[in-house]
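Worksheet for the structure shown next.
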Amino acid sequence: MSGIVGIVNLDGAPVERGLLERLTGYLAFRGPDRQEVWQEGSVGFGHTLLRTTPEGWFEQQPFSLDGESWITADARVDGRTELIERLGLEEGLKLKEINDAELILRAYLKWGEECVAHLIGDFAFAIWDGRKQKLFCARDQFGVKLFYYARVGNCLIFSNTLNCIRQHPLVSERLNEQAIGDFLLFDMNYNLETTFFSDIQRLPGGHVLSLTRDGTFSTRRYWTLPVPEPVRYKRDSEYIEHFKEVMGQAVGDRLRNETEKVGIMLSGGLDSNTITATALDLAKKQNRPLKLKACTAVHDYLIPDNERYYTSLAARAHNIEVEYLTADKYRLFEGCEEEAALRTPEPYHDPLSKLCHDKLQIMANFSRVSLSGDGGDEALKMPTLTSLVKSGLSSRLAGDIFRTLFVYRLYSNFGVGLKAALRTMVNLETISNHYEPLAWINTEFLEGHHLEQRFYSERRRFYNNGSFLRVLAYIYLTFPWWSANFENNDPGISQLPLEVRSPFFDLRLVNYLLAIPPLPWCVGKEILRQVLKDTLPSAVRYRPKTTVQADMYQARGQAPWDILTSVPEVGKYVNVNKVIQAVNSSKDNEWVNWENLRPLTLTYWLKTYRLEKTIRLKPALAE
């Protein structure tokens, strides 16, 4: 997760090298292994290297093959063998020494802007094409790697670290109040093209950006999650073997590491255990050393929780070390003011953010790479009953139901799946007129930014996203929440030298999981259960899917509500008295309690935002 930064002056003025070096220096925490800048006239790139792949030992960025086109990238390219073949690289080249940034640049030189159609993996990069006098930037399909930019005056500044762009003297501190409104409604900014700062924009996942010397600027979407053709095999074993193949590709590409040690965010569920089993199996087949260490957060006494029991069973079956974090001891908003690592560039609603950061810290102490099971739940979402009916596969559907009930005997799991599907069959025109934040958002702010209309229109937009069979999985995989999740795990926010890799967001794996028959394979994640039948004990594989039977936030006692009155700006956005009233009247509803904590998250962020304004490097940069 290297640091990248760049400046392009459209008026032809030379980039101030000292400014570029200081912006690059700001990113030193992202890349402790190497720090370089390249500047030629009105264009300059900076890069700080965090070495996470074997090829990284030969990496030097910014990089050029011909002195004309230059790249700075934070990238891990997957499917390298296939890409190298398509590029037609000569056998004489030391292919194992070609780093991912060089592969991307070679792809650009061969295919131009269409190079992104040939790339898979996690990447954010910028290329200056000296011949065409054009800047070309791209972000991976799901937006795992970050990319921000600001167009101020005749200057464009970009980076994969939001606070780095804030250091540029031309970038203002004006807040984007529409983003604040979204945060109070949804936990996050639903507009993936903007940030909480008016001058700074976000390039969404699956998008490219281009800027020419004459000032022509554009962004465009180059990728949309496809609706793949259904996969139908004659034998069940073929589904399982195909899954093992694509999961092996996804995990194998993410095991590329500069050492034999890799962390794993393990739970007692199926997603992370499938990744763990696949990683260990690949290492065994390839006769390569691999040491996995797991980390799991558990509750021992504060709320009912059996995560420690199931995770210990799984870790013992895998024969790997697991370190437990006892979540009971963490207080709401602990460390949010005192610890710099918890001061996020934008509001991120997690009242237990210190717990999450400590998990990342444990992984970073062990390795620079950690695997995560994120995305498994979403890729294997059961379809809605509406989509099942509209899919037009009635005869096949009847056969799938028969096999699910009588061949797999998944009575209880199928019942859970049906209940879940029924819950999604809500006519969104009848959404309740009561939504907790609408009661305590400041009336003037609510009306001025049309937040009530925005809430209901966004709800309908996401849930009326088509009627194809796997529409629910499609919706969940493309939900805006993932952007905030990827960002919060990124070193630009965690300030840790750790790259979190999520195999379930591999394009090859996602396409396959969206194509298989949901019955029986998505019922209780049956395909994962079958894959793990020789690895995990039945107690873990058939662990009942239960929700936490207690409010983990209420269980921690009184939240620090006094802070609401310590930041005057908060009153512009929320009515503090109404927040307290809402809290006192909703103590038995965990989701409502979660919503009511958003004003606290916003208040802590506003305090640290003001603090960051006073300590940022602008005075030094302006010298």
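Numbers at a glance
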{"read-out": "Residue ID - surrounded by the most Cβ atoms within 10 Å (Cβ to Cβ), chosen from residues in the stretch 214-239 that are among the hydroxyl-bearing types (Ser, Thr, Tyr), touching a residue at least 12 places away in the same chain (Cβ under 8 Å) and not in a loop (DSSP other than H, G, I, E, B)", "value": "TYR239"}
{"read-out": "Subset of the stretch 32-62 [surrounded by fewer than 20 Cβ atoms within 10 Å (Cβ to Cβ), assigned to a loop (DSSP other than H, G, I, E, B) and charged (D, E, K, R)]", "value": "ASP33"}
{"read-out": "Subset of the stretch 508-540 that is within 25 Å of the chain's Cα centre (by Cα) and among the basic types (Lys, Arg) - its residue that is farthest from HIS242 (Cα to Cα)", "value": "LYS525"}
{"read-out": "Qualifying residue in the stretch 436-449 (condition: closer than 13 Å to ALA379 by Cα and of a type outside the set (Gly, Ala, Ser))", "value": "no"}
{"read-out": "Evaluation of ARG213 against (1) modelled with pLDDT under 95; (2) over 25 Å from VAL43 (Cα atoms) (one fails), failing number", "value": "(2)"}
{"read-out": "Checking ALA314 against (1) within 21 Å of ALA539 (Cβ to Cβ); (2) buried (at least 20 other Cβ atoms within 10 Å of the Cβ); (3) in contact with a strand residue (DSSP E or B) (Cβ under 8 Å, 6 or more places away or on another chain), the condition it does not meet", "value": "(3)"}
{"read-out": "Residue within the stretch 353-372 that is open to solvent by 30 Å² or more (accessible area, probe 1.4 Å), charged (D, E, K, R) and modelled with pLDDT under 95 present", "value": "no"}
{"read-out": "Residue within the stretch 4-23 that is outside any loop (DSSP other than H, G, I, E, B), open to solvent by less than 60 Å² (accessible area, probe 1.4 Å), in contact with a Leu (Cβ under 7 Å, 6 or more places away or on another chain) and among the polar types (S, T, N, Q) present", "value": "no"}
{"read-out": "Wholly within the stretch 150-213, strands (runs of 3 or more DSSP E) carrying at least 2 residues that are surrounded by 22 or more Cβ atoms within 10 Å (Cβ to Cβ) and touching a helix residue (DSSP H, G or I) at 6+ places or on another chain (Cβ under 9 Å)", "value": "155-159, 200-202"}
{"read-out": "Test for ASP253: is it under 20 Å from the mean Cα position of the chain (by Cα), of a type in the set (Asp, Glu) and either crowded, with 17+ Cβ neighbours inside 10 Å or not in a strand (DSSP E or B) (or both)", "value": "yes"}
{"read-out": "Options GLU82, GLU114: the member that is without any contact (Cβ under 8 Å) to a residue 12 or more places away in the chain and farther than 29 Å from GLU260 by Cα", "value": "GLU114"}
{"read-out": "Enumeration of residues in the stretch 108-135 that are within 19 Å of LEU211 (Cα to Cα) and either of a type in the set (S, T, N, Q) or part of a helix (DSSP H, G or I) (or both)", "value": "TYR108, LEU109, TRP111, GLY112, GLU113, GLU114, CYS115, VAL116, GLN133"}
{"read-out": "Members of the stretch 283-307 that are buried (at least 17 other Cβ atoms within 10 Å of the Cβ) and assigned to a helix (DSSP H, G or I)", "value": "ALA283, GLU307"}
{"read-out": "Count of the stretch 332-355 residues which are farther than 18 Å from ASN485 by Cβ and in a helix (DSSP H, G or I)", "value": "1"}
{"read-out": "Some residue of the stretch 48-60 being within 26 Å of GLY206 (Cβ to Cβ), modelled with pLDDT under 95, of a type outside the set (S, T, N, Q) and more than 25 Å from the chain's Cα centre (by Cα)", "value": "yes"}
{"read-out": "Qualifying residue in the stretch 571-583 (condition: modelled with pLDDT of 90 or more, hydroxyl-bearing (Ser, Thr, Tyr) and not in a loop (DSSP other than H, G, I, E, B))", "value": "no"}
{"read-out": "Count of the stretch 191-235 residues which are small (Gly, Ala, Ser) and within 21 Å of TRP128 (Cβ to Cβ)", "value": "3"}
{"read-out": "Test: residue in the stretch 80-97 that is assigned to a helix (DSSP H, G or I) and in contact with a strand residue (DSSP E or B) (Cβ under 8 Å, 6 or more places away or on another chain)", "value": "yes"}
{"read-out": "Unique residue being at pLDDT 95 or above, open to solvent by less than 20 Å² (accessible area, probe 1.4 Å) and touching a helix residue (DSSP H, G or I) at 6+ places or on another chain (Cβ under 7 Å) when the list is ALA75, ALA138, ALA126", "value": "ALA138"}
{"read-out": "Within the stretch 323-336, considering residues that are farther than 11 Å from LYS354 by Cα and among the acidic types (Asp, Glu), the one least open to solvent (accessible area, probe 1.4 Å)", "value": "ASP328"}
{"read-out": "Top-ranked residue of the stretch 267-282 - restricted to ones that are of a type in the set (A, V, I, L, M) and within 19 Å of GLU378 (Cβ to Cβ), ranked as most open to solvent (accessible area, probe 1.4 Å)", "value": "LEU270"}
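The values are calculated or read from the model by the stated rules, or taken from the named source; none is laboratory data. Here the structure is a predicted model, which means the values were calculated and not measured. We place every Cβ from the backbone using ideal geometry, glycine too, and count neighbours over all the protein chains shown. Side chains included, ligands, DNA and RNA excluded: accessible areas come from the protein's heavy atoms. Shrake-Rupley method; radii C 1.70, N 1.55, O 1.52, S 1.80 Å.
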